[in-house]
1. With the requirement that a residue be acidic (Asp, Glu) and either part of a loop (DSSP other than H, G, I, E, B) or surrounded by 24 or more Cβ atoms within 10 Å (Cβ to Cβ) (or both), what does the stretch 503-535 give you?
2. Restricting to helices (runs of 4 or more DSSP H) lying wholly in the stretch 411-486: which have 3 or more residues that are over 27 Å from Asp153 (Cβ atoms)?
3. Examine the stretch 122-130 for a residue that is out of contact with any strand residue (DSSP E or B) (no Cβ under 7 Å at 6 or more places or on another chain), in the same structural domain as Pro83 (by TED's automatic domain parsing), part of a loop (DSSP other than H, G, I, E, B) and not basic (Lys, Arg), and state whether such a residue exists.
4. Hey, among Ala46, Ala28, which residue is surrounded by 18 or more Cβ atoms within 10 Å (Cβ to Cβ), of a type in the set (A, V, I, L, M, F, W, C) and touching a strand residue (DSSP E or B) at 6+ places or on another chain (Cβ under 9 Å)?
5. Within the stretch 172-202, work out how many residues are part of a loop (DSSP other than H, G, I, E, B), away from the ligand (no atom under 15 Å from the Cβ) and either hydrophobic (A, V, I, L, M, F, W, C) or in contact with a strand residue (DSSP E or B) (Cβ under 8 Å, 6 or more places away or on another chain) (or both).
6. All but one of (1) buried (at least 22 other Cβ atoms within 10 Å of the Cβ); (2) within 16 Å of the ligand (Cβ to nearest atom); (3) farther than 20 Å from Gln382 by Cα hold for Asp205; which doesn't?
7. Could you check Ala69 against (1) out of contact with any Pro (no Cβ under 7 Å at 6 or more places or on another chain); (2) farther than 14 Å from Val25 by Cα and say which number it fails?
8. Would you please name the residue that is modelled with the lowest pLDDT, looking only at residues in the stretch 1-48 that are among the acidic types (Asp, Glu) and more than 18 Å from Arg484 (Cβ to Cβ)?
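The values are calculated or read from the model by the stated rules, or taken from the named source; none is laboratory data. Computed from a predicted structure; not experimentally measured. Note that we place each Cβ from the backbone using ideal geometry, even for glycine, and neighbour counts take in every protein chain shown.
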Amino acid sequence: AEDGYELWLRYERLDQVPKAAPHSVVAACSDVSPTLDAALSEISRASASMLGQPLKQSGKISRNALVLASGACGTSLPDGALPTVDQVGPEGYVLQSTRINGKPVTLIAAQSDAGVLYGVFDYLRRMSSGDAVADLDVTSRPKTKLRLLNHWDNLDRHVERGYSGQSIWDWHRLPGYVDPRYTDYARANASIGINGTSLTNVNSDATVLTPPYLEKVAAIANVLRPYGIKVYLTARFSAPMELGGLPTADPLDPAVQAWWQAKTDEIYDYVPDFGGFLVKANSEGQPGPQDYGRSHAEGANMLARAVAPHGGVVMWRAFVYSAEEPEDRVKQAYTEFVPLDGQFADNVLVQVKNGPLDFQPREPFHPLFGAMPETPLMIELQITKEYLGFSTHLAYLGTLWEEVLSADTHAEGEGTTVASVVDGEAHDYAYTGMAGVSNIGTDRNWAGSIFDQANWYAFGRLAWNPDASAEDIAREWVKQTFSRKPEIVNEITAIMMKSREAVVDYMTPLGLTHLMGTGHHYGPAPWVDDLGRADWTPYYYHKATRDGIGFDRTENGSDAVDQYAGPIAQEWASLDTVPDNLLLWFHHVPWDYEMRDGSTLWQSLVAHYSRGIATVEEMQAEWASLKGQIDPERFNQVTDYLKIQHEEAQWWRDASIAYWQSINDLPLPEGEAPPP
Ligand code: GCU
């Protein structure tokens, strides 16, 4: 059934067998590891599906063979036939149309077997996209080392901010029953280069660190290992008290340090290649080192020492802000972390959300990027759409992430993009990485909607290459997911490319943020002004009065703009140069403020809401035009979801406008339909 279970690995039958399609596959290795086995079985599955029969595995290289070889597998290739693979690093690969023993072959070569597996997925992606597989000369090397999903999954299988069913981690039945779905999860992730997964919610208690759960974790790790994926766990900072019965979790207390060392050693007994810890500390009520007057660095370093002998890392989140702190929430992480630059142990990465607030449909890049040259900063993106309409609204996030990654921090002069910070180029980081908050659940289609699969896909592709184009990624995904026909690919890619801006338009245009319903974050609630916590209150963010709207973050206000490098700070601080799409993030302006196009702010705001709806209508019409060309099951679901999105875009517009009018008393701009 076309229920989306196969994700982008559908391997639809090719109309024509491509020129240079292989006739057999050879693992030219004396040692066929589980990773190479995984590669071979993927080739077999994909070729059966695309070519009509599985490629035959052979021990000997004949004409048109697909040959797999790595430096690690005890290659049996004739002397000189393994190309140099120094340039691809431990995870990259080479795809080459070449000759071995005079016979034309396609060679997939790497240093490691994981590299071969990635090369195989690249090769199959080309074939599945209908691209040529002749005359290949490809070298690919991931630009970041750690490419992780972060599951926000609780042990009771509730997924925090999850909109696609329950957690796929079936803790109750593990380790005795290992759901075959974990293998498909591993295949999907390996196919886009993801090499790590943190299994538990950043807000979890410490239960997962107890032996009965470590046994279950080990069972998952065993399935993921052949696919090059390491398991990570969240470490609740107070675990020494909760599990160890210690009176304190002070990171400088020797008994606490000894507890973590013993716990960590125990974890490695279960999972010898355990990746390390992900920690949310002193953030939104979670325990942390500051409870004992210690710094984030002191807390992180204690855990880092425990994992270091095993080669593990600590990913310490910078998502910190506190209700008691009078400073503008978006400034607090920078204020706390920049002074700690240089104090973190070598195997600590600080994990920073893309923006300084919280995964909004649009916010400026986080000012920490570029500001911590001595500390490896990972970027954390949210694949699950907490603030962008959950799983029913179609919003392709590739464009959002591309916007952030290509933003220029100016930290080391012009051209210091966020991508160049994240991939280590700007500051020569020893570790680099990207984390994506997973949108995966038990729904048959994994992600809650077909189009949300594209966000998982795009995350992996951007983690491999943060400079990749969101549009290229969209096309690639569409070809594998829906169709290779150029008209269809163009149509669907066009829908995806405008989808996120539509959401910005109907939810939070012109730099507005955090106006979603309290707690659940679904639907509009800009009128909420009495939550008791300013930093969770929509009013705090829009500050609309009869006189105007927007958050003044210039030197006359919170001066958050000053956390950015000079040229950026200047650009955003001035009304003359701030881009329209960040206007109300940085400035408070009157309702009749004159925009660049001559309209007033009020007119422009209303026009954005209406444009958001109009864009959704276009998306609906474009999708409808594909009727008959997409299988009914997926076609109908997307159609229904778009209808929900359309109704809710209207809801956002009407509710927002009615609320602003209750404050500014202005009539609707001419030509605008009144809210019902
Ligand atoms: C958001 C989200 C929380 C999450 C938090 C985090 O605030 O709403 O559910 O725990 O981010 O990233 O830690």
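1. Result: Asp505, Asp529, Asp530.
2. Here the list reads 418-422, 470-481.
3. yes
4. Ala28
5. Residues that pass the stated criteria total 7.
6. Result: Asp205 passes all but (1).
7. (2)
8. Keep residues of the stretch 1-48 that are among the acidic types (Asp, Glu), which gives 2-3, 6, 12, 15, 31, 37, 42.
Subsequent filtering for residues that are more than 18 Å from Arg484 (Cβ to Cβ) retains 3, 31, 37, 42.
Values: Asp3: 95, Asp31: 91, Asp37: 98, Glu42: 98.
If we take residues in the stretch 1-48 being among the acidic types (Asp, Glu) and more than 18 Å from Arg484 (Cβ to Cβ), then Asp31 is modelled with the lowest pLDDT.
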